[in-house]
2 protein chains.
Amino acid sequence: MIHETQVSEERTARMALGTLVEPGCRELGMLVRSVGAQEALARVIGGYGISDQLTGAVRARLRSAGLHGAADAGEQVAAQMGELAGRLGARIVTAADAEWPGAFDDLVRASREGNMLRRDTDPPMCVWLRGPLGLAETLERSVSVVGARAVTGYGGYVASEFAFGLAGRGWTVVSGGALGVDVTAHRGALIAGGTTVAVLACGIERAYPAANAAVLEQIGAEGLLVTEWAPGTMPHKTRFLTRNRVIAAASRGTVMVEAGSRSGARNTLGYARLLQRSAMVVPGPINSAMSVGCHIELRQPGTVLVTRVEEIIEEIGSVGELAEPIHGADRPEDDLDPLQARILDAVRARRATSAEQIAAVAGVSGRDARRTLPLLEELGFVVSSVDGYRLRSHPRAEVGEEEDR
Amino acid sequence: MIHETQVSEERTARMALGTLVEPGCRELGMLVRSVGAQEALARVIGGYGISDQLTGAVRARLRSAGLHGAADAGEQVAAQMGELAGRLGARIVTAADAEWPGAFDDLVRASREGNMLRRDTDPPMCVWLRGPLGLAETLERSVSVVGARAVTGYGGYVASEFAFGLAGRGWTVVSGGALGVDVTAHRGALIAGGTTVAVLACGIERAYPAANAAVLEQIGAEGLLVTEWAPGTMPHKTRFLTRNRVIAAASRGTVMVEAGSRSGARNTLGYARLLQRSAMVVPGPINSAMSVGCHIELRQPGTVLVTRVEEIIEEIGSVGELAEPIHGADRPEDDLDPLQARILDAVRARRATSAEQIAAVAGVSGRDARRTLPLLEELGFVVSSVDGYRLRSHPRAEVGEEEDR
């Protein structure tokens with residue numbers, strides 16, 4: 001049994017580490033997993049048993065905060081953060097808390113196995129949250145919807161439809177709060193009265209981008225705003241990439257709606273694949289620059305093409321949540337067997353011909369024709385007269401103009 | 001060594017069989033492979049050693065031609081066909097001729113292995129040709145481009161571009177001569193001054209559909225018109241499906257451009273897969289009915305998504321004919337390593353800050369910042385002053401507005 005004090009000390013250490021070290025640091029993650037968060041914090045602040053890079057990085061942050069050399073620097077940092085969270089109406093959640101989603105810890109695998117260029121793939125030390133929902137529970141049935149900032153009308157339509165449909169079926173829509181696909185997905189979920197989570201790459205208090213301030217505010221009130229970064233942190237380009245791993249880890253799968261060839265969304269999709277989550281991609285016109293990245297990904301193995309909400313749910317839902325196959329409109333002749341269809345094909349529209357002539361045209365035996373034509377008449381496809389059989393005049397498309405199988 | 005007489009008798013038998021039996025007949029194909037074409041013809045006309053269906057079907061055609069009971073019915077049929085071909089400016093090619101493409105015989109496999117519903121998958125007995133080119137040679141480097149009759153502007157654009165690009169690179173474009181994607185592909189190849197082959201589902205003399213008469217005429221003059229059906233044969237729905245197997249077998253791979261959920265083009269693609277040819281599909285908007293069939297196919301394993309002519313050629317061309325990867329525009333910061341990129345991210349645009357402050361923001365050590373910033377200055381990304389470093393004002397997009405990886 002873990003004592004409350006222990007939990008509290010663990011929380012404190014992780015909060016301090018999350019502030020002093022830029023998120024995703026693999027070296028720190030390995031250290032915490034090996035000696036625990038409190039001992040890791042002591043080493044990180046004391047500057048022993050870790051690399052010069054990490055020592056130096058922590059020292060730079062401690063100096064900047066005026067805490068370098070303070071014996072209780074870690075506790076002070078954590079206390080400041082806790083106070084700040086309270087003031088901002090936010091809370092900090094760590095692996096020591098019940099709300100922590102186990103899914104985040106899958107990132108250990110991404111960090112260990114990945115042959116990714118970047119080393120900042122370790123799980124978060126802590127996350128800042130704003131919103132009325134529990135994090136783990138909210139992410140239990142969730143899907144990430146990501147894509148280009150420079151969304152087209154098509155991508156906007158798809159993001160909105162998918163998010164609306166997913167949220168309406170009880171799925172949490174996770175995205176990055178950015179312009180374009182992200183905000184459209186968040187809005188689609190909100191409009192459905194569903195749940196949406198925005199994972200930010202900056203401080204929780206920052207309405208970034210400014211154009212999305214109202215939506216982010218609404219997400220903080222009804223859904224969840226999530227970030228690994230302490231208040232005051234600016235969104236940097238590299239932070240977006242680091243953040244993307246959390247978007248991928250948070251959900252059961254990632255849907256990329258639109259993406260240019262260099263879109264950051266491809267990075268999120270790559271993490272999803274690395275984490276053995278479903279990597280789902282929406283196709284688009286091949287002459288749209290905003291689908292180029294989608295098609296590059298779809299040409300890679302392990303990517304699933306999705307065109308409907310049902311297909312997404314089939315991919316990430318429980319066993320049995322299968323998408324209905326797509327059917328064209330049924331046609332009366334669908335139920336004919338190949339021989340019947342072939343004989344019907346040989347019946348002329350206006351002029352009646354004999355069963356023998358029909359057989360010769362169709363390339364079947366006279367016996368087959370004589371046996372089948374009365375059945376076709378019974379089914380309403382042909383009419384007979386003394387001259388033989390002709391098609392009934394009612395709706396049957398011109399032969400050859402159809403695209404039937 | 002095969003005597004000319006033998007070749008001639010083999011040709012005669014195959015020509016007669018191709019006329020008397022509806023193309024693709026598996027039973028006939030097996031018989032010919034087992035006892036030879038001449039013996040097969042004798043049995044088929046004599047009505048022994050074959051099924052009642054086949055006996056009856058041949059009898060119906062012989063009766064219709066007034067040849068039932070004639071001892072030399074087979075020779076008479078072949079002679080009539082040869083004469084007809086001469087009058088129509090066409091020629092008949094069989095497996096006994098040098099022009100016969102070995103690729104057609106792969107259909108034996110489709111017939112034998114396939115769990116297709118339909119049994120008319122055997123190779124052609126003979127084909128009627130019109131055009132100045134040798135068949136086998138023309139199909140040596142060929143690709144089939146197929147799709148919906150009810151093509152959209154998008155599909156028309158893609159079919160035209162692909163056919164033009166493929167033909168311009170020396171690839172023969174095979175299609176079915178139909179409205180929509182087919183004719184657009186034929187035209188694209190003709191416009192490129194390239195080679196195109198139309199595989200018809202009716203007699204060679206028939207300009208079907210009438211709207212394509214001029215293009216079919218041009219194909220007959222510059223490329224090749226191909227059909228298995230004797231002159232006078234009407235295009236039937238089931239014949240289109242039977243014909244599709246030849247389109248798939250003729251080429252190294254089939255590209256499906258647009259297709260509704262029930263499009264016959266999906267049938268052609270299915271044959272391509274069955275024949276272990278490349279089954280290539282062009283994606284499109286998910287809200288286009290004419291891409292629904294494409295996306296259904298793309299969700300199946302073994303289908304290759306293609307967006308460029310280069311990708312098609314990479315798929316079906318010789319070793320080394322690789323498509324250039326798609327790159328976004330290069331950016332100066334592409335060459336920075338992760339540490340450099342992270343430090344650059346932390347430099348402010350307008351206000352100079354010290355290396356130590358930059359280190360604290362970036363989460364790197366002061367030493368790394370002090371070492372890296374002069375390099376970034378040398379590369380033209382930042383400028384230094386007594387107060388520290390700020391970004392150079394020249395083109396660098398607002399941080400976070402980019403979609404970079």
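Quick notes on this structure:
- Charged neighbours of B:V199, selected by a Cβ distance under 14 Å, balance to +3 (K, R count +1; D, E count -1).
- With the convex hull of the Cα atoms taken as the outline of chain A, the averaged projected area works out to 26.8 nm².
- Shielding of A:56-68 by partner chains, average beta-carbon count, 10 Å: 5
- Taking each residue as 0.36 nm, the span from A:A71 to A:Q6 lengthens on full extension beyond its C-alpha to C-alpha distance by 21.4 nm.
- Legend: translational diffusion of region B:218-287 by Stokes-Einstein, Rh = Kirkwood radius over C-alpha pairs, 4 °C, 1.567 mPa s; D = 96 µm²/s.
- Charge dipole (debye, nearest 20) of region B:279-366; +1 at Cβ of Lys and Arg, -1 at Cβ of Asp and Glu: 640
- Footprinting exposure proxy ranking of B:L129, B:L379, fewest other C-beta atoms within 10 angstrom first, gives B:L379, B:L129.
- If you look at the Cα atoms of region B:332-391, you get an Rg and a Dmax of 9.9, 28 Å.
- Where N is the number of residues in the protein assembly as shown, Cα Rg divided by 2.2 N^0.38 Å: 1.23
- Estimated FRET transfer efficiency when R0 is 30 angstrom, pair A:A329-B:A213 (beta carbons, to 0.05): 0.45
- For region B:246-396, the antiparallel share of DSSP beta bridges with both residues in that region comes to about 40%.
- Cα long-axis angle, helix A:366-378 against chain A (0 to 90 degrees, to the nearest 10): 70
- Binning the alpha carbon pair distances of region A:107-205 at 5 angstrom intervals from zero yields the distribution 2, 13, 19, 20, 19, 15, 9, 2, expressed in whole percent.
- Taking every residue in B:362-371 and counting other chain Cβ atoms within 10 Å of its Cβ, the average works out to 6.
- For chain B, a Gaussian network of Cα nodes joined below 10 Å ranks B:R239, B:R91, B:R331 by mean-square fluctuation, and the top entry is B:R331.
- Spin-label model, A:L379/A:R392: points 7 Å from Cα along the beta carbon direction are separated by 1.2 nm.
- Chain A: angle of helix A:52-64 to the longest principal axis, Cα-based, in degrees nearest 10: 70
- The protein assembly as shown, dipole about Cα centre (Lys/Arg Cβ +1, Asp/Glu Cβ -1), debye to the nearest 20: 420
- Its relative contact order, with pairs defined as Cα atoms under 8 Å and 6+ residues apart, puts chain B at 11 percent.
- For region B:1-83, the Cβ-based charge dipole about the Cα centre amounts to some 280 debye (Lys, Arg positive; Asp, Glu negative; other atoms uncharged).
- Euclidean distance between Cα centres, region A:28-61 to region A:223-250, Å: 22
- Between A:E27 and A:S51, full extension at 0.36 nm per residue minus the direct alpha carbon distance yields a gain of 7.8 nm.
- Shape class for region B:88-316: rounded, because the ratio a/c of the largest to smallest gyration tensor axis (alpha-carbon atoms, square roots of eigenvalues) is under 1.5.
- Note on A:Q300 and A:V108: with the Förster distance fixed at 30 Å, the Cβ-Cβ geometry gives a FRET efficiency of about 0.80.
- Relative contact order of region B:1-147, defined on C-alpha pairs under 8 angstrom at six or more residues apart (%): 31
- If R0 is 51 Å, the Cβ-Cβ spacing of A:E137 and B:Q276 corresponds to a FRET efficiency of close to 0.55.
- Three-way shape call for region A:1-84 based on the alpha-carbon gyration tensor, with the a/c threshold at 1.5: oblate
- Pair B:R371, B:R87: separation of 7 Å Cα→Cβ label points (nm): 9.1
- Top positive-direction residue, dipole computed over chain B with Cβ charges, set B:M15, B:A185, B:Y48: B:Y48
We did not get these values from a lab; they are worked out from the coordinates using the rules stated. The structure displayed is predicted, hence computed values, not measured ones. Heads up, the Cβs are rebuilt from the backbone with ideal geometry, glycines too, and the neighbour counts pull from every protein chain shown.
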